[in-house]
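The values are calculated or read from the model by the stated rules, or taken from the named source; none is laboratory data. In this text, all values refer to a predicted model and were calculated from it rather than measured experimentally. In this analysis, Cβ positions are derived from the backbone assuming ideal geometry, glycine residues included, and neighbour counts consider all displayed protein chains. Areas reflect the complete protein model, heavy atoms only, side chains present, ligands, DNA and RNA absent. Shrake-Rupley method; radii C 1.70, N 1.55, O 1.52, S 1.80 Å.
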Amino acid sequence: MVRWVNGGRGKLLPFLGMLLAMLTQSGSMVVIKFAMTDGINKYVMVVYSMALSSFFLLPFALFQHRSEGPPLTFSALCSFLLLALFVSSAQIMSYIGIELSSPTLASAILNLVPAFTFVLALIFRMEKVEWRNFSSEAKVLGTVVSISGAFVVILYKGPPIGMKVQFSTQLNWILGGICCVADSLFTSMWYIYQASVAKKYPAVTVILFFQFLFSTIPCGIFALISVRDPTEWKLSFDAGLSVVLYQAIGATMLRYVLCTWCVHREGPLFCAMFKPVGIIFTAIMSAIFLGENLGLGSLIGGVIIVVGFYAVLWGKSREENNDEKKVENLESSCHNLPLLQNRV
């Protein structure tokens, strides 16, 4: 990452943007855990956060749609709805996983997103693997290593690294880890489909607005079925309202806008390299605000996931460099061909 910082002001802004995006995501995990410990219902938080995010993003979406957005069609709305289902499913799984385990575990398992995305890209033929090709084999090996690290984080909690510990029971830890894996899987499905939708409908704020709006619908139905007590839907003007506002403005709207802008500026590889930073931020915040110590299993598994994660990125980066060299060689041969013909 250092070379991007040294690349001048044009590279510094995306660098700071991704750091801020990871910071808001880590803060979101700690805030969710604190809010649920304080008695705020997780499903109610999801509904209010999505509804407020769509409300705050509405004027920006209207402006972009009127100025440069393509016309809205029924097919586009159906695509936005499917994206919203992925987002809402990931949000619910994330909240349940954090409640049952810890923010540190959820942050560590989120590094499975590149591995799952690579597997789904293979299934839908968006990526290819050439055996006896070192770059392709590195991506496959990195995927296997990342998934193995996730099993270590889930199944081996280990002794705490520190003086005191506030971990949940082993069964809750495993169930929470499984929910966090489901969160990573739904997020990867969102990445795959989002790439296809963005090519057909490039208006980013419009896509995000409808995603948040349509996510409110299934989350609201699920919450109405699960939360029957009307008092749980009431937000106090202290912790409850503050949590929902942070989740809507910081953790949802701001983070998605920053990530989308950084992907547009520097590409997905640049943004993916910041995922492990989230583990550091979350571990520090959990220790300060929740009094939670890092478990040995989370540390070992997190390191394994990060190693596999960077192996996938390295293989992908090397493949892209090889493709660029092939294009440059082809262009140079095309330029030299007329000279050869003239000599003949």
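A few points about this structure:
- Test: residue in segment 115-125 that is part of a helix (DSSP H, G or I), buried (at least 17 other Cβ atoms within 10 Å of the Cβ), in contact with a helix residue (DSSP H, G or I) (Cβ under 6 Å, 6 or more places away or on another chain) and small (Gly, Ala, Ser): yes
- Test: residue in segment 275-282 that is aliphatic (A, V, I, L, M), part of a helix (DSSP H, G or I) and more than 20 Å from the chain's Cα centre (by Cα): no
- Flag for residue 19 being at pLDDT below 90, among the aliphatic types (A, V, I, L, M) and open to solvent by 10 Å² or more (accessible area, probe 1.4 Å): yes
Residue-wise test of (1) in contact with a helix residue (DSSP H, G or I) (Cβ under 7 Å, 6 or more places away or on another chain); (2) surrounded by 19 or more Cβ atoms within 10 Å (Cβ to Cβ).
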position: 35; (1), (2): yes, yes
position: 39; (1), (2): no, no
position: 56; (1), (2): yes, no
position: 60; (1), (2): yes, no
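- Some residue of segment 263-272 being at pLDDT 90 or above and either in a helix (DSSP H, G or I) or of a type in the set (Gly, Ala, Ser) (or both): no
- Annotation: residue 207 fulfils all but one of (1) of a type outside the set (Phe, Trp, Tyr); (2) open to solvent by less than 10 Å² (accessible area, probe 1.4 Å); (3) modelled with pLDDT of 90 or more; (4) within 20 Å of residue 63 (Cα to Cα); the unmet one is (3).
- Pairing each residue of segment 172-190 that is open to solvent by 50 Å² or more (accessible area, probe 1.4 Å) with any residue that is not in a helix (DSSP H, G or I), provided the two are 6+ apart or on different chains, yields C-beta distances under 9 Å for 172/101; 175/101.
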